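This report refers to the structure that appears directly beneath it.
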């Protein structure tokens, strides 16, 4: 997808799903494009995940740019259905913002360093 600034490996995607499950249980998350956009703009998001199969792509195209402006790390996962399942939804989810990582803090740091190549 053109809005995807980089590809993620299956390993990174699997770790991302696990981290999101932990963050949902022990921290707080926002789901859906509108909630995620508000969370980023308000500076509450600490990590953002975007599904790679969103159509039309214009729905989520602004999120990576917003994240870069606010210096919020972000990543992608291949499927919105799996993204929804990771946080306990039976429906697809296009984007998720982690506001409080809870027990997922270290896992999210690991994902960010894997994605960005920085420690």
Practice problem: Mind sorting 9, 26, 39 by how few other Cβ atoms lie within 10 Å of their own Cβ, fewest first? | Solution: 9, 26, 39
Quiz item: What is the fewest-to-most order of 28, 75 by other Cβ atoms lying within 10 Å of their Cβ?
Solution: 28, 75
Exercise. Could you bin all the Cα-Cα distances of region 58-101 into 5 Å bins starting at 0 and give me the percent of pairs in each, rounded to whole numbers?
Key: 6, 18, 26, 26, 18, 6, 0
Quiz item: What are the principal axis extents of the Cα atoms in the chain, in Å, biggest first?
Solution: 34, 32, 29
Practice problem: Would you mind ranking 38, 80 by Cβ crowding within 10 Å, fewest neighbours first? | Solution: 38, 80
Quiz item: What number, in percent, do you get for the relative contact order of the chain if the mean sequence gap of Cα pairs under 8 Å and at least 6 apart is divided by its residue count?
Solution: 40
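None of the figures in this text is laboratory data; all of them are computed from the coordinates on show. Nothing here was measured: the structure is a model prediction, and the numbers come from that model. Using ideal geometry, Cβ is built from the backbone for each residue, glycine included, and neighbour counts are taken over all protein chains shown.
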